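Asks: One structure, as structure tokens, below. Some questions next.
The values are calculated or read from the model by the stated rules, or taken from the named source; none is laboratory data. This structure is a prediction, so every number in the text was calculated from the model and none was measured. With ideal geometry, Cβ positions are generated from the backbone for all residues, glycine too; neighbour counts draw on all protein chains shown. Heads up: the accessible areas ignore ligands, DNA and RNA and are worked out on the full protein's heavy atoms, side chains in. Shrake-Rupley method; radii C 1.70, N 1.55, O 1.52, S 1.80 Å.
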Amino acid sequence: MRTYLVTGGAGFIGSNYIHYMFRKYGDEIKIINVDALTYAGNLENLKDIEDRDNYVFVKADITDKAAIAAIFAENDIDRVVHFAAESHVDRSIKNPEVFVQTNVLGTAVMLNCAKAAWELPDGSFKEGKKFLHVSTDEVYGSLENEGEYFYETTPYDPHSPYSASKASSDMLVKAYMDTYKFPANITNCSNNYGPYQFPEKLIPLIINNALQGRNLPVYGDGKNVRDWLYVEDHAKAIDMVQEQGRLFETYNIGGHNEKQNIEIIEIIIETLQEQLSEDDPRKALVSKDLITYVADRKGHDRRYAIAPDKIKAEIGWEPETMFKEGIKKTIKWYFEHEDWMKNVTSGDYQNYYAEMYQ
Ligand code: NAD
Ligand code: DAU
């Protein structure tokens, strides 16, 4: 039985990945999920699997060397899948320091503890051990022209404190691979959407606001482009890279699904109108009139677009969920999980929203 140490498994992508892995492997694997449960971490995301015999949750901060070393000492970890990070660009603009702390220092701790646990006296590593570092397309900077894409060879050019901290963490992983031949891979993925995404990110924020008849804030001219990927496709790609990818390689993961922010918002409004029944009181609230242009994000990257050619050619992964279908599934999930949304938007979220948008 393979044992996985997943960091940040109570967050959006991490919890989707854990669900995916149990659906795929059932009792053939064990997962240890280590998460500090920051504002973005939510154990409700994992309610349906928390009683499994082959699942363990450990509340710990990845910058806490003793806590992470203890997990490696007490368990024979075969795979690390490292999601834990501060992940929101707007928060990084307001408070960069915690991004350096978690994303850079936390990654250094994870690498050091895995290296200490897996290294043999001759400097090689125990057979079959692998570390996968989950990163972002934002490390490559911003594209200006149609037809340009981010490749694995595109030079790093991060702009926000978030992307600079993720780029630094990627560089640390590369340094471990180059210096020690540490058995790792890096994946750089485009924007994810789907169930369990915290509503400070564009898609769940727009769904939640629209259903309440609240303004739909669009930064700048609304024409910034992101390349959206359904989160389950990302989970599948991570597993495929870890099992079939060449060690020491980076793989870009993307949806080939570029859309302007304003198009996304219009699609969400249209889909909500289609899905709400005539007698649902929320139907009258959902309207394009809610679209409100607000001040632009500082240093706002114009366009991201991933070329997932290498992962397709080497591993056979490609995005499976068309945006039209993925957004319907996502909206349906939010309809069916109103309590989840209520719980995550009570308390601190209200303060965040007031400070950010008013
Ligand atoms: P998220 O913010 O939803 O979740 C992050 C998780 O990490 C939370 O559960 C949080 O509690 C935990 N965490 C934060 N600081 C921690 C610490 N110091 N110690 C332990 N746990 C801590 O993020 P997400 O959107 O799920 O992103 C996961 C990873 O994927 C990140 O590394 C992010 O950079 C990367 N990524 C995200 C996207 C996207 O579109 N969301 C795209 C590409 C890559
Ligand atoms: O590209 C991958 C990245 O995608 C990940 O590395 C990040 O962790 C993830 O948060 C995401 O970053 P973005 O900044 O692209 O995502 P966000 O949902 O915050 O914003 C998407 C776009 O929508 C961006 O151009 C800003 C815009 N936006 C966002 C919000 C929250 C708005 O116009 N209005 C809003 O209220």
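Asks: I want to confirm something. Restricting to the stretch 115-156 and keeping residues that are over 20 Å from the mean Cα position of the chain (by Cα), of a type in the set (Asp, Glu) and over 23 Å from Ala313 (Cβ atoms), which single residue is surrounded by the most Cβ atoms within 10 Å (Cβ to Cβ)?
Replies: Step by step, filter the stretch 115-156, then rank; the result is Glu119.
Asks: Considering only residues that are small (Gly, Ala, Ser) and either within 22 Å of Gln197 (Cα to Cα) or within 16 Å of ligand 2 (Cβ to nearest atom) (or both), which ones fall in the stretch 42-73?
Replies: Of everything in the stretch 42-73, just one residue is small (Gly, Ala, Ser) and either within 22 Å of Gln197 (Cα to Cα) or within 16 Å of ligand 2 (Cβ to nearest atom) (or both), namely Ala60.
Asks: Moving to a separate point now. Looking only at the stretch 190-205, how many residues end up being under 24 Å from Thr250 (Cα atoms) and in a loop (DSSP other than H, G, I, E, B)?
Replies: Final tally of qualifying residues: 2.
Asks: Could you grab the pairs with beta carbons closer than 8 Å, sequence gap of 6+ or different chains, first residue in the stretch 14-38 and among the acidic types (Asp, Glu) and open to solvent by less than 20 Å² (accessible area, probe 1.4 Å), second one assigned to a helix (DSSP H, G or I) and within 16 Å of ligand 2 (Cβ to nearest atom)?
Replies: Asp35/Gly14
Asks: What about Trp317, is it in contact with a helix residue (DSSP H, G or I) (Cβ under 7 Å, 6 or more places away or on another chain) and open to solvent by less than 80 Å² (accessible area, probe 1.4 Å)?
Replies: Judged against the criteria, Trp317 is a match.
Asks: So which residues in the stretch 238-266 are closer than 22 Å to Lys201 by Cα, more than 16 Å from ligand 1 (Cβ to nearest atom) and aliphatic (A, V, I, L, M)?
Replies: Of everything in the stretch 238-266, those that are closer than 22 Å to Lys201 by Cα, more than 16 Å from ligand 1 (Cβ to nearest atom) and aliphatic (A, V, I, L, M) turn out to be Ile262, Ile265.
Asks: Ok, one more. Would it be correct to say that Gly255 is open to solvent by less than 20 Å² (accessible area, probe 1.4 Å), touching a helix residue (DSSP H, G or I) at 6+ places or on another chain (Cβ under 8 Å) and under 30 Å from Phe131 (Cα atoms)?
Replies: Judged against the criteria, Gly255 is a match.
Asks: Could you list, in sequence order, all residues of the stretch 90-114 that are within 10 Å of ligand 1 (Cβ to nearest atom) and either open to solvent by less than 60 Å² (accessible area, probe 1.4 Å) or among the charged types (D, E, K, R) (or both)?
Replies: Arg91, Val98, Phe99, Thr102, Asn103, Gly106, Thr107, Val109, Met110
Asks: So, one more: Going through the stretch 166-189 one residue at a time, which ones are among the charged types (D, E, K, R) and within 13 Å of ligand 1 (Cβ to nearest atom)?
Replies: Lys166, Asp170
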